[in-house]
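Working notes for the structure below.
The values are calculated or read from the model by the stated rules, or taken from the named source; none is laboratory data. Computed from a prediction, not measured in an experiment: that's the story for all the values here. Note that we place each Cβ from the backbone using ideal geometry, even for glycine, and neighbour counts take in every protein chain shown.
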Amino acid sequence: MSQNLVQLGYLISAVLFILGLKGLTRPKTAVQGNLLGALGMFVAIVVTVLSRSDLGLLPVVVGIVAGTAAGFFFATRVQMTGMPELVALFNGFGGIASTLVAGATLAIGDASDRSELVAIAASGLIGAVTFSGSLIAWAKLKEFRAIDRIEIPAHHVVNALFVLACLVMSWVVVSDPDYSNLAYWIVVGGGLLLGVSLVVQIGGADMPVVIALLNSYSGLAAAATGFVLSNTVLIISGSLVGASGLILTRLMCVAMNRSLTNVLFGTMGGGADMPDADEVYVNVKTTSADEVAMLLEVANRVVVVPGYGMAVAQAQHVVSDLRKQLVGQQVDVEFAIHPVAGRMPGHMNVLLAEADVPYEALVEMDEINPTMETSDVTIVLGANDVVNPLARTDPDSPIAGMPIIDADKSRTVVVIKRSLSPGFAGIPNPLFAAENTLMLYGDGRKVVQEIVAAMNQG
């Protein structure tokens with residue numbers, strides 16, 4: 001294949017990546033955007049294979065088949081509740097792939113000038129940090145308690161030493177060809193340790209931000225590998241992922257009132273003394289599905305605040321049924337969507353769209369908060385930290401300053417949860433014991449089904 005056709009193929013692939021990324025910005029076009037991105041990658045693979053006569057076809061086919069099979073398995077087996085963990089793993093896979101490709105290029109002597117050696121060192125370091133950091137993020141999202149118990153004394157100093165050591169060895173990679181291979185793998189080892197040190201100290205409630213940042217890192221590693229291989233489409237796609245991941249990280253930092261600097265250097269999360277749950281929950285009031293049904297029958301406006309518990313209970317379809325029931329009774333129903341509800345951006349939007357909830361019924365936090373006082377009944381379904389008033393009232397709380405859904409300002413709040421267990425931040429929620437709050441314990445899907453049944457009987 002001529003070089004002109006190769007560049008044309010890469011240009012088509014890059015345009016598809018850009019269009020795919022644009023499609024992912026809206027729920028209505030997300031599926032189409034995902035397909036366009038996949039098509040762009042397919043075009044890039046085909047063009048690369050056809051342009052390299054020295055590539056053995058069998059290893060390429062084996063790689064494509066193995067990758068396709070793994071992707072199909074994950075796509076069909078992993079539940080929506082496991083998507084954040086899957087995204088973390090994919091980030092890690094992208095990072096380690098870049099590291100291995102750069103290392104192989106260095107080992108066979110294909111890197112001929114200083115700029116390529118700089119790109120190799122950058123790919124190895126960023127890719128290694130992404131891989132180990134993503135594994136730690138995955139473990140935290142899986143709630144492996146052993147990870148939370150790891151403490152690194154003076155971890156800021158440790159991080160700085162790891163960074164300094166990696167930079168020194170990266171300089172050896174670039175400047176001393178006799179030791180470049182050894183230095184490269186030392187950089188990779190230091191990067192793996194740095195990734196662990198950066199992420200392990202960050203609280204679980206901040207993992208959505210960390211995942212977005214690691215996504216950016218995986219893109220930067222891919223872009224660096226593109227310079228190593230002189231591959232245009234890899235540079236473009238890596239840059240797109242890196243830039244979009246960084247933008248998403250910034251938006252999530254604003255949503256959680258976190259500093260981007262803190263994310264970059266692993267200083268997020270709080271370690272202050274937690275309020276005593278027994279004292280916070282001394283005045284908790286319980287209710288029943290029948291009582292909630294009576295409240296809803298006389299309501300004019302109902303707001304639903306979904307959270308990770310809704311995803312775990314797979315309650316989105318019965319919630320959609322409840323909405324249809326209320327709309328049929330001329331009740332205004334809206335869904336208050338917090339930017340980090342669930343465990344990744346857009347988690348609740350995807351779940352509710354899957355259950356045929358209209359996009360116009362999904363209202364972002366900044367838009368709905370000024371109107372929460374006019375909500376007759378606010379149903380908090382499986383949400384916790386994103387409605388915790390401690391974010392506004394306790395400066396020592398791990399979620400201090402994080403913008404929340406102002407559910408506590410509603411006339412009546414109904415919280416549907418299995419128990420009074422804390423959210424991902426690990427702190428009690430005073431909303432559960434507020435004067436205008438009623439607790440309805442049970443599995444989210446079953447409880448909502450009971451409410452719908454009680455309304456039909458009434």
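When Asn349 is tested against (1) surrounded by fewer than 19 Cβ atoms within 10 Å (Cβ to Cβ); (2) in contact with a strand residue (DSSP E or B) (Cβ under 9 Å, 6 or more places away or on another chain), exactly one condition is not met: (1). Which of the residues spanning segment 334-362 are without any contact (Cβ under 8 Å) to a residue 60 or more places away in the chain, more than 17 Å from Val318 (Cβ to Cβ) and part of a strand (DSSP E or B)? Those that are without any contact (Cβ under 8 Å) to a residue 60 or more places away in the chain, more than 17 Å from Val318 (Cβ to Cβ) and part of a strand (DSSP E or B): Glu334, Ile337. Just one residue in the set Ser237, Ser197, Ser216 is touching a His at 6+ places or on another chain (Cβ under 8 Å) and either under 29 Å from Val254 (Cα atoms) or modelled with pLDDT under 90 (or both); that residue is Ser197. For the structure I just gave you, tell me whether Glu116 is within 30 Å of Met348 (Cα to Cα), in contact (Cβ under 8 Å) with a residue 60 or more places away in the chain, surrounded by fewer than 20 Cβ atoms within 10 Å (Cβ to Cβ) and not assigned by TED's automatic domain parsing to the domain that holds Gly423. So Glu116 fails the test. The residue that is modelled with the lowest pLDDT, counting only those in segment 314-330 that are touching a Lys or Arg at 6+ places or on another chain (Cβ under 7 Å) and surrounded by fewer than 23 Cβ atoms within 10 Å (Cβ to Cβ), is Gln314. Segment 367-458 holds strands (runs of 3 or more DSSP E) entirely within its bounds, and those carrying 1 or more residues that are within 18 Å of Gly342 (Cα to Cα) map to 377-381, 412-417. Applying a threshold of 6 Å to beta carbon distances and a minimum spacing of six or more residues, or different chains, the list of pairs starting in segment 416-440 at a residue that is on the phi > 0 side of the Ramachandran plot and modelled with pLDDT of 95 or more and ending at one that is buried (at least 22 other Cβ atoms within 10 Å of the Cβ) and assigned to a loop (DSSP other than H, G, I, E, B) is empty. The condition (being part of a helix (DSSP H, G or I), surrounded by 23 or more Cβ atoms within 10 Å (Cβ to Cβ), over 18 Å from the mean Cα position of the chain (by Cα) and not polar (S, T, N, Q)) is satisfied by just one residue among Ala104, Ala97, Ala128, Ala146: Ala128. In the set (1) at pLDDT 90 or above; (2) closer than 30 Å to Asp332 by Cβ; (3) in a helix (DSSP H, G or I); (4) not charged (D, E, K, R), the condition left unmet by Val254 is number (1). The residue that is surrounded by the fewest Cβ atoms within 10 Å (Cβ to Cβ), among those in segment 49-77 that are over 20 Å from Ala97 (Cα atoms) and at pLDDT 80 or above, is Thr76.
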